[in-house]
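The values are calculated or read from the model by the stated rules, or taken from the named source; none is laboratory data. Quick caveat: nothing in here was measured; it's all calculated off a predicted structure. Positions of Cβ are backbone-derived with ideal geometry, glycine not excepted, and every protein chain shown enters the neighbour counts. Protein only, heavy atoms only, side chains kept; ligands, DNA and RNA dropped before computing areas. Shrake-Rupley method; radii C 1.70, N 1.55, O 1.52, S 1.80 Å.
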Amino acid sequence: MSRHPLGNHVRRLRFEHGEMTQQDLADRCGVTRQTINALEADRYGPSLALAFRIARVFGTDVESVFTWQPDGRGAVDQ
Amino acid sequence: MSTQQRSAWYVLTVGVITAATYVALVLLVSVAVAPAAFAVLALTALTPWLFQDETIDERERFIAQRAGVAGGAAAYLFLVAVCMVVWWVHYREDPPLVDVNILPLIAMGACVAMLVVRSATVLVLHRGNLDLGAS
């Protein structure tokens, strides 16, 4: 399965924010827990709107949460 | 498992049971009685009631769109394939006659193909790699 070039720090940021659960983050972003799980597992590249919502939950900017990795290494927290 | 996945499993199960019932009726009773198996499909009408809490996010909406396209393609291919088979079987007859009972059978078969492929696609895509913003 090919990996997309959008990496993310969502898993690390969740733990840095009071060990927030995937369900908590999903509820605050208006998506399902499965979507957060797929995102952390590098099986899903989110829309720009969802990327901004996630960044806003963590109180940071999008580029602190998501990274562009042209070599396709995928999620950076794994 | 999300509500969309549970819904897909339900519809897939109903579709498979319908097809299995049809084959069983053909083998055990008669071809004339077998279309009664399609009554099982009515169970799919309960889907909105059984899965009322379904809230679809952007990823699941994307999955639903792709699955819908796959289901439509399956129904289209089924119709073309079955029509070609019927034509191939009957075209030598003079005049070529097709039993009118075949027509609803073809339509219901296309429905089953569409439902099964759409549900299976939902389940496969939930495990797969999807890109909205990174491709």
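Quick rundown of the values:
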{"item": "Selection status of B:Ala113, more than 25 Å from B:Pro35 (Cβ to Cβ) and under 16 Å from the mean Cα position of the chain (by Cα)", "result": "no"}
{"item": "Residue count, segment A:14-60 (criterion: part of a helix (DSSP H, G or I) and small (Gly, Ala, Ser))", "result": "5"}
{"item": "Which listed residue is in a helix (DSSP H, G or I) and either modelled with pLDDT under 90 or more than 14 Å from chain A (Cβ to nearest Cβ) (or both), from B:Leu123, B:Leu97, B:Leu79", "result": "B:Leu79"}
{"item": "Of residues in segment B:1-46 being hydroxyl-bearing (Ser, Thr, Tyr) and more than 30 Å from A:Thr32 (Cα to Cα), the one farthest from the other protein chains (Cβ to nearest Cβ)", "result": "B:Ser30"}
{"item": "Tally of residues being of a type in the set (Gly, Ala, Ser) and open to solvent by 20 Å² or more (accessible area, probe 1.4 Å) across segment A:19-33", "result": "1"}
{"item": "Considering residues of segment A:61-75 that are part of a loop (DSSP other than H, G, I, E, B) and open to solvent by 50 Å² or more (accessible area, probe 1.4 Å) only, the residue modelled with the highest pLDDT", "result": "A:Asp61"}
{"item": "Some residue of segment B:51-58 being within 14 Å of chain A (Cβ to nearest Cβ) and assigned to a helix (DSSP H, G or I)", "result": "yes"}
{"item": "Residue pairs meeting the criteria (Cβ under 6 Å; at least 6 apart or on separate chains; first at the interface with chain B (Cβ under 7 Å from one of its Cβ atoms) and over 19 Å from A:Met20 (Cβ atoms), in segment A:36-48; second open to solvent by less than 10 Å² (accessible area, probe 1.4 Å) and of a type outside the set (Gly, Ala, Ser))", "result": "A:Gly45/A:His4"}
